[in-house]
Amino acid sequence: MVPGARLIVLGKQGAGKGTQCVRLSHHYVVPHVSTGDMLRAAVKQGTALGLKAKDQMDRGELLGDDLIMGMVASRLDESDVRARGFVLDGCPRTVAQAEQLAAFLNPVELDMAVDIEVPTAQVLRRLAARRVCVDCGANYSVSSPPLINWTCDVCGGEVIQREDDREEAITRRLELYERQTAPLIDWYRARDQLAAVSGIGAPDSVTRRVIKAIEVRRDRKGGRFT
Ligand code: ADP
């Protein structure tokens, strides 16, 4: 059995984080913990958290650090994560979140933070063309739509444009990324926990690059997952 992993995946909106995180979670057999998916599920279920989060999410604003870290900490405390690790997608997104996360995980070490790099011009094109299934979250684009009339090939759900993939919200999300999230790249680099990987090309090639970067680091640490 492949050893578990404790990974954080960073990258601009539209860099392919979600896609790569699902693949990494299958490869290392660990839960995919996505703050965006957890929040969208809360919105759909109409929970108190969802009602609070919806407007800010639609506008592309970030939610408060304490609210996010409360939600993430309780997920990371569950037995599946404790036993095998996690692929964390969408968190941390601010230095304050990274600090809280490191304190929460201590004394257990992160394997690494992977930054998936894609130029802004390219993510803008990807986001404007992105369409998603409202039920299962499967991704499509205007140039590769589902087979039948914008219903999901996987589950038959309706395939639409995410509210926060409209132009105004995209601009805001990328602005917040540059200001709040990009500094995390240096934060993890300074702790010798960063691998930067190109996110250009077919998803399979990106996955191979990411796994290679993780394995190179593991070899350096003696090949152990502890
Ligand atoms: P993206 O990375 O493409 O913006 P996500 O699906 O990861 O999308 O997140 C959707 C929205 O959920 C964000 O725009 C933000 O409003 C909220 N959110 C998710 N994760 C966080 C976080 N770590 N801190 C603050 N807000 C968050």
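Below are the figures for this structure:
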| quantity | calculated |
| --- | --- |
| Breaking point among (1) part of a loop (DSSP other than H, G, I, E, B); (2) charged (D, E, K, R); (3) touching a residue at least 60 places away in the same chain (Cβ under 8 Å), for residue 172 | (1) |
| Close pairs (8 angstrom Cβ cut-off, 6 or more residues apart or separate chains): of a type in the set (Gly, Ala, Ser) in region 29-40, at pLDDT 95 or above and assigned to a loop (DSSP other than H, G, I, E, B) anywhere | 34/90; 36/90 |
| Test: residue in region 8-25 that is of a type outside the set (A, V, I, L, M), more than 28 Å from residue 175 (Cα to Cα), touching a strand residue (DSSP E or B) at 6+ places or on another chain (Cβ under 8 Å) and buried (at least 16 other Cβ atoms within 10 Å of the Cβ) | yes |
| Failed condition for residue 43, given (1) touching a Lys or Arg at 6+ places or on another chain (Cβ under 8 Å); (2) more than 10 Å from the ligand (Cβ to nearest atom); (3) of a type in the set (A, V, I, L, M); (4) over 25 Å from residue 188 (Cα atoms) | (2) |
| Residue 60 at positive phi and buried (at least 18 other Cβ atoms within 10 Å of the Cβ) | yes |
| Odd one out for residue 66, checked against (1) within 12 Å of the ligand (Cβ to nearest atom); (2) buried (at least 19 other Cβ atoms within 10 Å of the Cβ); (3) not in a loop (DSSP other than H, G, I, E, B) | (2) |
| Residue 121 away from the ligand (no atom under 12 Å from the Cβ), assigned to a helix (DSSP H, G or I), more than 30 Å from residue 146 (Cα to Cα) and aliphatic (A, V, I, L, M) | no |
| Those residues of region 46-63 which are touching a residue at least 60 places away in the same chain (Cβ under 8 Å), assigned to a loop (DSSP other than H, G, I, E, B) and not aliphatic (A, V, I, L, M), in sequence order | 60, 61 |
| Residue among 60, 90 that is at pLDDT below 95, within 16 Å of the chain's Cα centre (by Cα) and not hydroxyl-bearing (Ser, Thr, Tyr) | 60 |
| Neighbours by Cβ (under 6 Å, 6+ apart or cross-chain): first from region 105-126, touching a residue at least 12 places away in the same chain (Cβ under 8 Å) and closer than 19 Å to residue 19 by Cβ; second part of a loop (DSSP other than H, G, I, E, B) and aromatic (Phe, Trp, Tyr) | none |
| All positions within region 5-23 that are aliphatic (A, V, I, L, M), within 12 Å of the ligand (Cβ to nearest atom) and part of a strand (DSSP E or B) | 8, 9, 10 |
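Conditions (1) within 12 Å of the ligand (Cβ to nearest atom); (2) without any contact (Cβ under 8 Å) to a residue 40 or more places away in the chain, marked per residue:
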| site | (1), (2) |
| --- | --- |
| 150 | no, yes |
| 156 | no, yes |
| 165 | yes, yes |
| 183 | no, no |
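The values are calculated or read from the model by the stated rules, or taken from the named source; none is laboratory data. Remember, predicted model here, so these are calculated numbers, not experimental data. All Cβ positions, glycine included, derive from the backbone under ideal geometry; neighbour counts span all protein chains shown.
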